[in-house]
Amino acid sequence: MGDRKKMKEEREKTIEENNDGKNTGAIATQDPVARTDPGVMTGTMAMTDALAMAGTDDHSRSACIYVKTFGCSLNQSDSELMAGLLEDAGFTVTDTLEKDTAGDVDYDLAIINTCSVKNLAENKFWKEYQYWNAKKIPVIVAGCIPQAERALLSGPLAHTSVIGTRQLIKIVDIVNRTLQGEVVHDISFAFHDRLNLPKKRKSSLIEIIPISEGCLDQCSYCKTKHARGILHSYPREQIIAQFKSALDAGCKEFWITSQDTGCYGFDCYRPEKYFLPELLGDLLAIPGDFRIRLGMANPHHIKTIISGLLRVYAHPKMFKFLHIPVQAGNNRVLKAMRRTYTIEDFESIITTFRQHILDIAISTDLIVGFPEETAEEFQESLALLRRIAPDVLNLSRFWLRNGTAAAQLQQLPGGITKLRSEETRRVFDTLIRKQNKKWVGRIGTAIIDEIGKNNTVIARNDYYKQIIIKNPPAGIRLGTFVTVRIIASRDYDLTGEILS
Ligand code: SF4
(Lines give C-alpha, C1' and ligand atoms only; values in the text may rest on other atoms or scores of the structure.)
Protein backbone atom coordinates (compact mmCIF):
# COMPACT_ATOMS: atom_id res chain seq x y z
CA MET A 1 0.00 0.00 0.00
CA GLY A 2 2.78 2.47 1.11
CA ASP A 3 4.53 2.76 -2.25
CA ARG A 4 1.14 2.93 -4.07
CA LYS A 5 0.27 5.94 -1.90
CA LYS A 6 3.66 7.49 -2.76
CA MET A 7 3.16 6.75 -6.47
CA LYS A 8 -0.36 8.24 -6.33
CA GLU A 9 0.90 11.46 -4.74
CA GLU A 10 3.58 11.64 -7.42
CA ARG A 11 0.98 11.12 -10.15
CA GLU A 12 -1.30 13.79 -8.68
CA LYS A 13 1.69 16.17 -8.52
CA THR A 14 2.39 15.44 -12.25
CA ILE A 15 -1.27 16.16 -13.13
CA GLU A 16 -1.08 19.39 -11.10
CA GLU A 17 2.11 20.49 -12.91
CA ASN A 18 0.57 19.57 -16.28
CA ASN A 19 -2.47 21.64 -15.59
CA ASP A 20 -0.79 24.58 -13.98
CA GLY A 21 -3.39 24.13 -11.20
CA LYS A 22 -6.28 25.37 -13.39
CA ASN A 23 -9.58 24.50 -11.64
CA THR A 24 -12.78 24.17 -13.65
CA GLY A 25 -14.82 23.23 -10.59
CA ALA A 26 -16.95 21.01 -12.86
CA ILE A 27 -16.15 17.71 -11.20
CA ALA A 28 -17.01 18.09 -7.53
CA THR A 29 -16.25 14.51 -6.60
CA GLN A 30 -12.92 14.27 -8.41
CA ASP A 31 -9.72 16.31 -8.65
CA PRO A 32 -11.19 19.58 -10.10
CA VAL A 33 -9.04 19.54 -13.27
CA ALA A 34 -10.27 19.45 -16.90
CA ARG A 35 -8.01 18.93 -19.85
CA THR A 36 -8.50 18.92 -23.61
CA ASP A 37 -5.36 17.15 -24.85
CA PRO A 38 -4.91 17.28 -28.64
CA GLY A 39 -3.49 13.74 -28.28
CA VAL A 40 -6.85 12.46 -27.01
CA MET A 41 -8.86 11.31 -30.01
CA THR A 42 -12.66 11.41 -30.14
CA GLY A 43 -15.23 9.40 -32.17
CA THR A 44 -14.66 5.85 -33.42
CA MET A 45 -11.09 4.66 -33.08
CA ALA A 46 -9.26 1.63 -34.36
CA MET A 47 -8.13 -0.76 -31.67
CA THR A 48 -4.46 -0.27 -32.47
CA ASP A 49 -4.88 3.48 -32.00
CA ALA A 50 -6.56 2.97 -28.63
CA LEU A 51 -3.81 0.61 -27.48
CA ALA A 52 -1.09 2.72 -29.03
CA MET A 53 -2.57 5.74 -27.30
CA ALA A 54 -2.45 4.05 -23.95
CA GLY A 55 1.29 3.73 -24.30
CA THR A 56 1.82 7.48 -24.57
CA ASP A 57 0.49 8.39 -21.17
CA ASP A 58 3.13 7.57 -18.51
CA HIS A 59 0.74 7.81 -15.55
CA SER A 60 -0.90 4.56 -16.65
CA ARG A 61 2.23 2.81 -15.47
CA SER A 62 1.27 3.47 -11.82
CA ALA A 63 -2.51 3.63 -11.66
CA CYS A 64 -4.48 0.90 -9.96
CA ILE A 65 -8.08 0.40 -11.07
CA TYR A 66 -10.85 -1.43 -9.23
CA VAL A 67 -13.63 -3.00 -11.33
CA LYS A 68 -17.03 -3.84 -9.83
CA THR A 69 -19.40 -5.87 -11.98
CA PHE A 70 -23.13 -6.33 -11.52
CA GLY A 71 -25.44 -8.46 -13.64
CA CYS A 72 -25.23 -11.22 -16.22
CA SER A 73 -22.45 -13.17 -17.96
CA LEU A 74 -22.42 -10.64 -20.80
CA ASN A 75 -21.66 -7.87 -18.29
CA GLN A 76 -18.96 -10.06 -16.74
CA SER A 77 -17.47 -10.53 -20.19
CA ASP A 78 -17.59 -6.75 -20.79
CA SER A 79 -15.66 -6.19 -17.55
CA GLU A 80 -13.10 -8.83 -18.53
CA LEU A 81 -12.57 -7.01 -21.84
CA MET A 82 -12.15 -3.60 -20.19
CA ALA A 83 -9.74 -5.09 -17.63
CA GLY A 84 -7.76 -6.82 -20.39
CA LEU A 85 -7.39 -3.64 -22.44
CA LEU A 86 -6.34 -1.67 -19.36
CA GLU A 87 -3.77 -4.25 -18.26
CA ASP A 88 -2.47 -4.36 -21.81
CA ALA A 89 -1.99 -0.60 -21.53
CA GLY A 90 0.01 -0.95 -18.32
CA PHE A 91 -2.63 -0.32 -15.67
CA THR A 92 -3.04 -2.58 -12.63
CA VAL A 93 -6.61 -3.88 -12.57
CA THR A 94 -8.38 -5.84 -9.83
CA ASP A 95 -11.89 -6.86 -8.80
CA THR A 96 -10.79 -7.57 -5.22
CA LEU A 97 -11.54 -4.75 -2.78
CA GLU A 98 -8.57 -4.45 -0.42
CA LYS A 99 -8.80 -2.24 2.66
CA ASP A 100 -6.01 -1.27 5.02
CA THR A 101 -6.31 -1.55 8.78
CA ALA A 102 -8.08 1.83 8.89
CA GLY A 103 -10.60 0.51 6.38
CA ASP A 104 -9.12 2.75 3.72
CA VAL A 105 -8.79 1.74 0.09
CA ASP A 106 -6.02 2.83 -2.25
CA TYR A 107 -7.19 2.83 -5.84
CA ASP A 108 -6.78 5.55 -8.45
CA LEU A 109 -10.08 4.88 -10.14
CA ALA A 110 -13.12 2.62 -9.90
CA ILE A 111 -15.14 1.28 -12.82
CA ILE A 112 -18.69 0.24 -11.92
CA ASN A 113 -20.27 -1.99 -14.58
CA THR A 114 -23.98 -1.73 -13.96
CA CYS A 115 -27.10 -3.89 -14.47
CA SER A 116 -30.57 -2.45 -15.06
CA VAL A 117 -32.63 -5.64 -14.96
CA LYS A 118 -34.12 -4.98 -11.49
CA ASN A 119 -34.48 -2.13 -8.98
CA LEU A 120 -32.38 -4.20 -6.62
CA ALA A 121 -29.40 -4.12 -9.02
CA GLU A 122 -29.90 -0.39 -9.52
CA ASN A 123 -29.97 0.30 -5.78
CA LYS A 124 -26.76 -1.66 -5.36
CA PHE A 125 -25.15 0.47 -8.06
CA TRP A 126 -26.03 3.78 -6.36
CA LYS A 127 -24.72 2.45 -3.05
CA GLU A 128 -21.45 1.48 -4.73
CA TYR A 129 -21.28 4.87 -6.51
CA GLN A 130 -21.76 6.79 -3.27
CA TYR A 131 -19.06 4.68 -1.65
CA TRP A 132 -16.41 5.76 -4.18
CA ASN A 133 -17.61 9.34 -4.19
CA ALA A 134 -17.22 9.47 -0.44
CA LYS A 135 -13.65 8.22 -0.91
CA LYS A 136 -13.11 10.98 -3.51
CA ILE A 137 -11.87 8.38 -5.98
CA PRO A 138 -12.74 8.98 -9.65
CA VAL A 139 -15.44 6.70 -11.05
CA ILE A 140 -16.33 5.53 -14.54
CA VAL A 141 -19.85 4.12 -14.89
CA ALA A 142 -20.36 1.40 -17.49
CA GLY A 143 -23.11 -1.05 -18.39
CA CYS A 144 -26.86 -0.98 -18.85
CA ILE A 145 -28.03 1.68 -16.35
CA PRO A 146 -26.65 4.83 -18.07
CA GLN A 147 -27.12 3.25 -21.50
CA ALA A 148 -30.82 2.66 -20.81
CA GLU A 149 -31.40 5.92 -18.91
CA ARG A 150 -29.61 8.69 -20.84
CA ALA A 151 -31.18 11.41 -18.71
CA LEU A 152 -28.80 10.36 -15.92
CA LEU A 153 -25.93 11.93 -17.92
CA SER A 154 -27.37 15.41 -17.47
CA GLY A 155 -28.49 14.58 -13.94
CA PRO A 156 -26.74 12.60 -11.15
CA LEU A 157 -23.96 11.43 -13.53
CA ALA A 158 -23.30 14.84 -15.10
CA HIS A 159 -19.90 15.01 -13.39
CA THR A 160 -18.97 11.36 -13.78
CA SER A 161 -17.39 9.67 -16.80
CA VAL A 162 -19.68 7.16 -18.50
CA ILE A 163 -18.75 4.50 -21.07
CA GLY A 164 -21.44 2.89 -23.22
CA THR A 165 -22.03 -0.86 -23.66
CA ARG A 166 -20.82 -0.58 -27.28
CA GLN A 167 -17.79 1.67 -26.55
CA LEU A 168 -15.74 -0.71 -24.39
CA ILE A 169 -12.71 -0.55 -26.71
CA LYS A 170 -12.31 3.11 -25.69
CA ILE A 171 -11.81 2.30 -22.01
CA VAL A 172 -8.07 3.10 -21.97
CA ASP A 173 -8.65 6.53 -23.47
CA ILE A 174 -11.57 7.26 -21.13
CA VAL A 175 -9.58 6.15 -18.08
CA ASN A 176 -6.63 8.35 -19.09
CA ARG A 177 -8.85 11.37 -19.59
CA THR A 178 -10.78 10.75 -16.37
CA LEU A 179 -7.50 10.43 -14.42
CA GLN A 180 -6.64 13.81 -15.91
CA GLY A 181 -9.82 15.15 -14.32
CA GLU A 182 -11.91 15.25 -17.46
CA VAL A 183 -15.54 14.02 -17.58
CA VAL A 184 -16.17 11.85 -20.64
CA HIS A 185 -19.62 10.69 -21.71
CA ASP A 186 -19.62 8.22 -24.60
CA ILE A 187 -22.73 6.06 -24.88
CA SER A 188 -23.05 6.14 -28.65
CA PHE A 189 -24.62 3.10 -30.24
CA ALA A 190 -21.96 2.88 -32.91
CA PHE A 191 -20.80 -0.72 -32.99
CA HIS A 192 -17.16 -1.76 -32.64
CA ASP A 193 -15.79 -5.27 -32.94
CA ARG A 194 -15.13 -6.47 -29.39
CA LEU A 195 -13.96 -10.06 -29.84
CA ASN A 196 -10.35 -11.32 -29.99
CA LEU A 197 -9.06 -8.44 -27.89
CA PRO A 198 -7.02 -8.59 -24.67
CA LYS A 199 -9.13 -9.76 -21.74
CA LYS A 200 -8.59 -10.46 -18.07
CA ARG A 201 -10.68 -13.50 -17.14
CA LYS A 202 -12.23 -13.78 -13.68
CA SER A 203 -11.42 -17.50 -13.84
CA SER A 204 -8.51 -18.72 -15.96
CA LEU A 205 -10.62 -21.77 -16.71
CA ILE A 206 -13.83 -20.14 -17.90
CA GLU A 207 -14.15 -18.28 -21.18
CA ILE A 208 -17.31 -16.21 -21.57
CA ILE A 209 -18.00 -15.61 -25.27
CA PRO A 210 -20.77 -13.17 -26.21
CA ILE A 211 -22.13 -14.22 -29.63
CA SER A 212 -24.43 -11.25 -30.10
CA GLU A 213 -25.96 -8.36 -28.25
CA GLY A 214 -29.48 -7.01 -28.22
CA CYS A 215 -32.52 -9.09 -29.11
CA LEU A 216 -35.57 -9.32 -31.39
CA ASP A 217 -38.22 -8.86 -28.74
CA GLN A 218 -40.04 -6.03 -26.95
CA CYS A 219 -40.89 -7.58 -23.59
CA SER A 220 -43.09 -5.08 -21.77
CA TYR A 221 -41.21 -5.27 -18.43
CA CYS A 222 -37.70 -5.13 -19.86
CA LYS A 223 -35.22 -2.30 -19.33
CA THR A 224 -32.30 -4.20 -20.85
CA LYS A 225 -33.79 -3.69 -24.29
CA HIS A 226 -33.33 0.06 -23.83
CA ALA A 227 -29.64 -0.55 -23.15
CA ARG A 228 -28.70 -3.31 -25.54
CA GLY A 229 -31.10 -2.57 -28.40
CA ILE A 230 -31.84 -4.64 -31.47
CA LEU A 231 -30.10 -7.94 -32.21
CA HIS A 232 -26.54 -7.66 -33.52
CA SER A 233 -24.97 -11.09 -34.11
CA TYR A 234 -21.18 -11.19 -34.07
CA PRO A 235 -19.37 -12.72 -37.09
CA ARG A 236 -18.96 -16.51 -36.74
CA GLU A 237 -15.29 -16.30 -37.76
CA GLN A 238 -14.56 -13.96 -34.84
CA ILE A 239 -16.44 -16.21 -32.39
CA ILE A 240 -14.58 -19.31 -33.55
CA ALA A 241 -11.23 -17.48 -33.43
CA GLN A 242 -11.92 -16.28 -29.86
CA PHE A 243 -12.92 -19.82 -28.87
CA LYS A 244 -9.70 -21.29 -30.28
CA SER A 245 -7.44 -18.69 -28.66
CA ALA A 246 -9.14 -19.21 -25.28
CA LEU A 247 -8.71 -22.97 -25.65
CA ASP A 248 -5.03 -22.43 -26.41
CA ALA A 249 -4.86 -20.25 -23.29
CA GLY A 250 -6.04 -23.21 -21.18
CA CYS A 251 -9.79 -22.53 -20.85
CA LYS A 252 -11.92 -25.64 -20.40
CA GLU A 253 -15.39 -24.23 -19.84
CA PHE A 254 -17.03 -22.02 -22.44
CA TRP A 255 -20.10 -19.94 -21.59
CA ILE A 256 -21.84 -18.95 -24.82
CA THR A 257 -23.87 -15.89 -23.88
CA SER A 258 -26.00 -12.96 -25.04
CA GLN A 259 -29.42 -11.44 -24.30
CA ASP A 260 -30.97 -14.26 -26.31
CA THR A 261 -28.67 -16.90 -27.82
CA GLY A 262 -31.71 -18.47 -29.54
CA CYS A 263 -31.89 -15.83 -32.29
CA TYR A 264 -28.22 -15.89 -33.22
CA GLY A 265 -27.77 -15.21 -36.93
CA PHE A 266 -31.42 -14.26 -37.53
CA ASP A 267 -30.20 -10.79 -38.48
CA CYS A 268 -27.27 -11.62 -40.73
CA TYR A 269 -27.08 -15.32 -41.68
CA ARG A 270 -30.62 -16.03 -42.96
CA PRO A 271 -29.58 -16.78 -46.58
CA GLU A 272 -27.21 -19.55 -45.52
CA LYS A 273 -29.36 -20.57 -42.53
CA TYR A 274 -26.35 -20.38 -40.21
CA PHE A 275 -27.97 -20.14 -36.81
CA LEU A 276 -27.19 -21.22 -33.21
CA PRO A 277 -27.03 -25.01 -33.89
CA GLU A 278 -24.63 -24.46 -36.81
CA LEU A 279 -22.41 -22.19 -34.71
CA LEU A 280 -22.39 -24.65 -31.78
CA GLY A 281 -21.65 -27.47 -34.21
CA ASP A 282 -18.56 -25.61 -35.46
CA LEU A 283 -17.39 -24.91 -31.91
CA LEU A 284 -17.94 -28.50 -30.75
CA ALA A 285 -15.93 -29.74 -33.74
CA ILE A 286 -12.81 -27.94 -32.46
CA PRO A 287 -10.40 -30.57 -31.09
CA GLY A 288 -9.75 -30.49 -27.35
CA ASP A 289 -11.16 -31.38 -23.94
CA PHE A 290 -13.73 -28.80 -22.95
CA ARG A 291 -17.39 -28.23 -22.17
CA ILE A 292 -19.81 -25.68 -23.60
CA ARG A 293 -22.58 -24.13 -21.49
CA LEU A 294 -25.26 -22.41 -23.56
CA GLY A 295 -26.78 -19.23 -22.11
CA MET A 296 -30.39 -18.15 -22.12
CA ALA A 297 -32.47 -18.79 -25.25
CA ASN A 298 -36.13 -17.77 -25.61
CA PRO A 299 -38.80 -20.46 -26.25
CA HIS A 300 -40.14 -18.94 -29.48
CA HIS A 301 -36.67 -18.98 -31.05
CA ILE A 302 -35.79 -22.44 -29.74
CA LYS A 303 -38.98 -23.69 -31.40
CA THR A 304 -37.62 -22.67 -34.83
CA ILE A 305 -34.19 -24.34 -34.38
CA ILE A 306 -35.09 -27.29 -32.11
CA SER A 307 -34.01 -30.22 -34.35
CA GLY A 308 -30.55 -28.68 -34.83
CA LEU A 309 -30.29 -27.93 -31.10
CA LEU A 310 -31.20 -31.49 -30.13
CA ARG A 311 -28.40 -32.69 -32.43
CA VAL A 312 -25.73 -30.50 -30.78
CA TYR A 313 -26.99 -31.19 -27.26
CA ALA A 314 -26.26 -34.88 -27.85
CA HIS A 315 -22.57 -34.01 -28.31
CA PRO A 316 -20.41 -35.22 -25.34
CA LYS A 317 -18.73 -31.79 -25.00
CA MET A 318 -22.07 -29.98 -24.56
CA PHE A 319 -23.28 -29.45 -20.98
CA LYS A 320 -26.78 -31.00 -20.84
CA PHE A 321 -28.11 -27.75 -19.43
CA LEU A 322 -30.89 -25.74 -21.10
CA HIS A 323 -31.70 -22.20 -19.87
CA ILE A 324 -35.16 -21.40 -21.23
CA PRO A 325 -37.07 -18.58 -19.45
CA VAL A 326 -40.86 -19.00 -19.25
CA GLN A 327 -41.57 -15.90 -17.06
CA ALA A 328 -45.25 -16.81 -16.32
CA GLY A 329 -47.58 -19.83 -16.21
CA ASN A 330 -50.54 -18.24 -17.93
CA ASN A 331 -51.01 -17.22 -21.58
CA ARG A 332 -52.89 -13.96 -20.82
CA VAL A 333 -50.01 -12.81 -18.60
CA LEU A 334 -47.45 -13.88 -21.25
CA LYS A 335 -49.36 -11.75 -23.76
CA ALA A 336 -49.31 -8.76 -21.37
CA MET A 337 -45.55 -9.31 -21.03
CA ARG A 338 -45.34 -9.30 -24.84
CA ARG A 339 -43.73 -12.74 -24.74
CA THR A 340 -44.44 -14.36 -28.10
CA TYR A 341 -44.93 -18.04 -27.15
CA THR A 342 -47.53 -19.99 -25.20
CA ILE A 343 -47.31 -22.22 -22.14
CA GLU A 344 -48.04 -25.12 -24.47
CA ASP A 345 -45.03 -24.17 -26.67
CA PHE A 346 -42.79 -24.02 -23.61
CA GLU A 347 -43.93 -27.36 -22.20
CA SER A 348 -43.63 -29.14 -25.52
CA ILE A 349 -40.03 -27.94 -25.89
CA ILE A 350 -39.20 -29.24 -22.40
CA THR A 351 -40.88 -32.59 -23.12
CA THR A 352 -39.03 -32.95 -26.43
CA PHE A 353 -35.64 -32.19 -24.85
CA ARG A 354 -36.32 -34.60 -21.97
CA GLN A 355 -37.25 -37.33 -24.48
CA HIS A 356 -34.01 -36.83 -26.48
CA ILE A 357 -31.50 -35.85 -23.76
CA LEU A 358 -32.05 -38.00 -20.67
CA ASP A 359 -31.84 -36.05 -17.38
CA ILE A 360 -31.14 -32.76 -19.16
CA ALA A 361 -30.99 -29.99 -16.54
CA ILE A 362 -33.63 -27.30 -17.08
CA SER A 363 -33.11 -23.74 -15.88
CA THR A 364 -35.99 -21.29 -16.18
CA ASP A 365 -36.96 -17.75 -15.15
CA LEU A 366 -40.23 -16.75 -13.52
CA ILE A 367 -41.58 -13.29 -12.74
CA VAL A 368 -44.26 -13.24 -10.03
CA GLY A 369 -46.53 -10.30 -9.22
CA PHE A 370 -46.65 -8.98 -12.79
CA PRO A 371 -49.20 -6.11 -12.98
CA GLU A 372 -52.81 -7.32 -13.02
CA GLU A 373 -51.72 -10.96 -12.45
CA THR A 374 -54.71 -12.53 -10.66
CA ALA A 375 -54.40 -14.99 -7.78
CA GLU A 376 -55.63 -17.75 -10.14
CA GLU A 377 -53.04 -16.83 -12.78
CA PHE A 378 -50.33 -16.93 -10.12
CA GLN A 379 -51.50 -20.40 -9.08
CA GLU A 380 -51.11 -21.44 -12.72
CA SER A 381 -47.45 -20.37 -12.54
CA LEU A 382 -47.00 -22.59 -9.47
CA ALA A 383 -48.79 -25.45 -11.23
CA LEU A 384 -46.45 -25.09 -14.20
CA LEU A 385 -43.44 -25.12 -11.84
CA ARG A 386 -44.69 -28.37 -10.28
CA ARG A 387 -45.22 -29.94 -13.73
CA ILE A 388 -41.79 -28.93 -15.07
CA ALA A 389 -39.76 -29.27 -11.84
CA PRO A 390 -36.73 -27.39 -13.18
CA ASP A 391 -33.22 -27.79 -11.77
CA VAL A 392 -32.63 -24.04 -11.56
CA LEU A 393 -35.22 -21.30 -10.98
CA ASN A 394 -34.27 -17.64 -11.49
CA LEU A 395 -37.14 -16.13 -9.55
CA SER A 396 -37.98 -12.41 -9.75
CA ARG A 397 -40.57 -10.30 -8.00
CA PHE A 398 -41.97 -7.87 -10.58
CA TRP A 399 -40.27 -4.47 -10.36
CA LEU A 400 -41.68 -1.41 -12.13
CA ARG A 401 -38.97 -0.14 -14.47
CA ASN A 402 -39.32 3.46 -15.70
CA GLY A 403 -39.90 3.80 -19.39
CA THR A 404 -41.22 0.25 -19.86
CA ALA A 405 -44.72 -0.54 -21.16
CA ALA A 406 -45.49 -2.58 -18.03
CA ALA A 407 -44.99 0.57 -15.96
CA GLN A 408 -48.29 1.84 -17.40
CA LEU A 409 -50.26 -1.15 -16.11
CA GLN A 410 -52.12 -1.36 -12.78
CA GLN A 411 -49.39 -2.42 -10.31
CA LEU A 412 -50.03 -5.00 -7.62
CA PRO A 413 -49.41 -3.99 -3.99
CA GLY A 414 -45.81 -4.71 -2.92
CA GLY A 415 -47.07 -7.01 -0.17
CA ILE A 416 -48.73 -9.28 -2.74
CA THR A 417 -45.66 -9.56 -4.96
CA LYS A 418 -43.55 -10.35 -1.87
CA LEU A 419 -45.94 -13.09 -0.71
CA ARG A 420 -46.07 -14.63 -4.16
CA SER A 421 -42.28 -14.63 -4.37
CA GLU A 422 -41.95 -16.33 -0.98
CA GLU A 423 -44.57 -18.95 -1.86
CA THR A 424 -42.85 -19.67 -5.18
CA ARG A 425 -39.50 -20.06 -3.43
CA ARG A 426 -41.06 -22.58 -1.01
CA VAL A 427 -42.59 -24.60 -3.84
CA PHE A 428 -39.29 -24.65 -5.74
CA ASP A 429 -37.24 -25.64 -2.68
CA THR A 430 -39.49 -28.65 -2.10
CA LEU A 431 -39.22 -29.67 -5.74
CA ILE A 432 -35.44 -29.32 -6.03
CA ARG A 433 -34.83 -31.17 -2.74
CA LYS A 434 -36.70 -34.18 -4.18
CA GLN A 435 -35.10 -33.71 -7.60
CA ASN A 436 -31.52 -33.72 -6.29
CA LYS A 437 -32.06 -36.87 -4.21
CA LYS A 438 -32.27 -38.80 -7.51
CA TRP A 439 -28.56 -38.13 -8.09
CA VAL A 440 -27.29 -39.90 -4.97
CA GLY A 441 -25.30 -43.01 -5.90
CA ARG A 442 -24.82 -41.99 -9.52
CA ILE A 443 -21.34 -42.04 -11.06
CA GLY A 444 -20.27 -39.73 -13.88
CA THR A 445 -17.73 -37.30 -15.31
CA ALA A 446 -17.24 -33.86 -13.83
CA ILE A 447 -14.85 -30.96 -14.35
CA ILE A 448 -13.13 -29.34 -11.36
CA ASP A 449 -13.84 -25.68 -11.95
CA GLU A 450 -13.43 -23.92 -8.64
CA ILE A 451 -11.47 -24.08 -5.37
CA GLY A 452 -14.00 -24.12 -2.51
CA LYS A 453 -13.65 -23.28 1.18
CA ASN A 454 -12.44 -25.63 3.95
CA ASN A 455 -10.40 -27.93 1.73
CA THR A 456 -13.10 -28.51 -0.85
CA VAL A 457 -13.21 -28.17 -4.62
CA ILE A 458 -16.31 -27.50 -6.72
CA ALA A 459 -17.00 -29.54 -9.81
CA ARG A 460 -19.69 -29.46 -12.50
CA ASN A 461 -20.96 -32.70 -13.99
CA ASP A 462 -22.16 -33.03 -17.58
CA TYR A 463 -25.59 -31.72 -16.50
CA TYR A 464 -23.91 -28.64 -15.02
CA LYS A 465 -24.97 -29.80 -11.53
CA GLN A 466 -22.75 -28.29 -8.84
CA ILE A 467 -20.84 -30.94 -6.85
CA ILE A 468 -18.92 -30.17 -3.64
CA ILE A 469 -15.94 -32.50 -3.15
CA LYS A 470 -14.41 -32.58 0.34
CA ASN A 471 -10.75 -33.38 0.93
CA PRO A 472 -9.84 -33.73 -2.72
CA PRO A 473 -6.61 -35.61 -3.59
CA ALA A 474 -3.53 -33.41 -3.10
CA GLY A 475 -2.44 -31.47 -6.17
CA ILE A 476 -5.78 -31.73 -7.96
CA ARG A 477 -5.81 -29.06 -10.65
CA LEU A 478 -8.60 -26.80 -11.89
CA GLY A 479 -9.87 -27.99 -15.25
CA THR A 480 -9.26 -31.67 -14.52
CA PHE A 481 -11.97 -34.07 -15.66
CA VAL A 482 -12.63 -36.68 -12.94
CA THR A 483 -15.03 -39.56 -12.31
CA VAL A 484 -17.27 -38.71 -9.35
CA ARG A 485 -19.80 -40.68 -7.31
CA ILE A 486 -22.61 -38.57 -5.77
CA ILE A 487 -22.81 -39.40 -2.06
CA ALA A 488 -25.33 -36.81 -0.81
CA SER A 489 -27.64 -34.03 -2.00
CA ARG A 490 -28.82 -30.66 -0.71
CA ASP A 491 -31.29 -28.16 -2.16
CA TYR A 492 -28.79 -26.33 -4.34
CA ASP A 493 -25.87 -28.73 -4.77
CA LEU A 494 -24.66 -32.30 -4.57
CA THR A 495 -21.76 -33.80 -2.60
CA GLY A 496 -19.42 -36.19 -4.32
CA GLU A 497 -16.25 -38.22 -4.00
CA ILE A 498 -13.60 -38.64 -6.68
CA LEU A 499 -13.21 -42.22 -7.90
CA SER A 500 -10.54 -41.52 -10.52
S1 SF4 B 1 -35.75 -10.92 -24.89
FE2 SF4 B 1 -37.14 -9.61 -23.76
S3 SF4 B 1 -36.37 -9.72 -21.65
FE4 SF4 B 1 -34.73 -10.43 -22.98
S5 SF4 B 1 -33.47 -8.63 -23.38
FE6 SF4 B 1 -34.98 -8.83 -25.06
S7 SF4 B 1 -36.71 -7.53 -24.49
FE8 SF4 B 1 -35.46 -7.92 -22.64
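Brief remarks on what is shown
- Residue match in region 351-363 (condition: more than 16 Å from the ligand (Cβ to nearest atom), open to solvent by less than 10 Å² (accessible area, probe 1.4 Å) and in a strand (DSSP E or B)): yes
- Considering (1) within 25 Å of Ile305 (Cβ to Cβ); (2) open to solvent by less than 30 Å² (accessible area, probe 1.4 Å); (3) not charged (D, E, K, R), the lone condition that Pro371 does not fulfil carries the number (1).
- Residues that are among the hydroxyl-bearing types (Ser, Thr, Tyr) and open to solvent by 40 Å² or more (accessible area, probe 1.4 Å) within region 452-488 comprise Tyr463, Thr480, Thr483, listed in sequence order.
- Phe370 vs. criteria in a helix (DSSP H, G or I), outside the structural domain of Lys118 (by TED's automatic domain parsing) and not acidic (Asp, Glu): no
- Region 393-434, subset within 23 Å of Ile324 (Cβ to Cβ) and among the hydroxyl-bearing types (Ser, Thr, Tyr), residue farthest from the chain's Cα centre (by Cα): Thr430
- Looking across region 95-114, the residues that are in contact with a strand residue (DSSP E or B) (Cβ under 6 Å, 6 or more places away or on another chain) and either in a helix (DSSP H, G or I) or of a type in the set (D, E, K, R) (or both) come down to Asp95, Asp108.
- Subset of region 120-136 (residues that are part of a loop (DSSP other than H, G, I, E, B) and touching a residue at least 40 places away in the same chain (Cβ under 8 Å)): Lys136
- Look at (1) within 16 Å of the ligand (Cβ to nearest atom); (2) outside any loop (DSSP other than H, G, I, E, B); (3) surrounded by 22 or more Cβ atoms within 10 Å (Cβ to Cβ) and you find that Leu309 fails only one, number (1).
- Flag if Val117 is in a loop (DSSP other than H, G, I, E, B), open to solvent by 50 Å² or more (accessible area, probe 1.4 Å), among the hydrophobic types (A, V, I, L, M, F, W, C) and not assigned by TED's automatic domain parsing to the domain that holds His232: yes
- Scan of region 58-117 for residues that are over 24 Å from Leu195 (Cβ atoms), in contact with a Pro (Cβ under 8 Å, 6 or more places away or on another chain) and of a type in the set (Asp, Glu), ordered by number: Asp108
- Members of region 266-297 that are within 16 Å of the ligand (Cβ to nearest atom) and open to solvent by less than 10 Å² (accessible area, probe 1.4 Å): Leu276, Leu294, Ala297
- Among the residues making up region 211-245, those that are out of contact with any Phe, Trp or Tyr (no Cβ under 7 Å at 6 or more places or on another chain) and more than 13 Å from the ligand (Cβ to nearest atom) are Tyr234, Pro235, Glu237, Gln238, Ile239, Ile240, Ala241, Gln242, Lys244, Ser245.
- Listed by first and then second residue, the pairs with beta-carbon distance under 9 Å, at least 6 apart or on different chains, first residue in region 87-108 and free of Cβ contacts under 8 Å to residues at least 60 places away in the same chain and assigned by TED's automatic domain parsing to the domain that holds Ile137, second of a type in the set (A, V, I, L, M) and outside any loop (DSSP other than H, G, I, E, B), are Gly90/Ala54; Thr92/Ile65; Thr92/Leu86; Thr94/Ile65; Thr94/Val67; Thr94/Ala83; Tyr107/Ile65.
- Flag if Gln410 is in the same structural domain as Ser220 (by TED's automatic domain parsing) and assigned to a helix (DSSP H, G or I): no
The values are calculated or read from the model by the stated rules, or taken from the named source; none is laboratory data. Predicted model only: the values in this text are computed from it and were never measured. In this analysis, Cβ positions are derived from the backbone assuming ideal geometry, glycine residues included, and neighbour counts consider all displayed protein chains. With ligands, DNA and RNA removed, areas are computed over all heavy atoms of the protein, side chains included. Shrake-Rupley method; radii C 1.70, N 1.55, O 1.52, S 1.80 Å.
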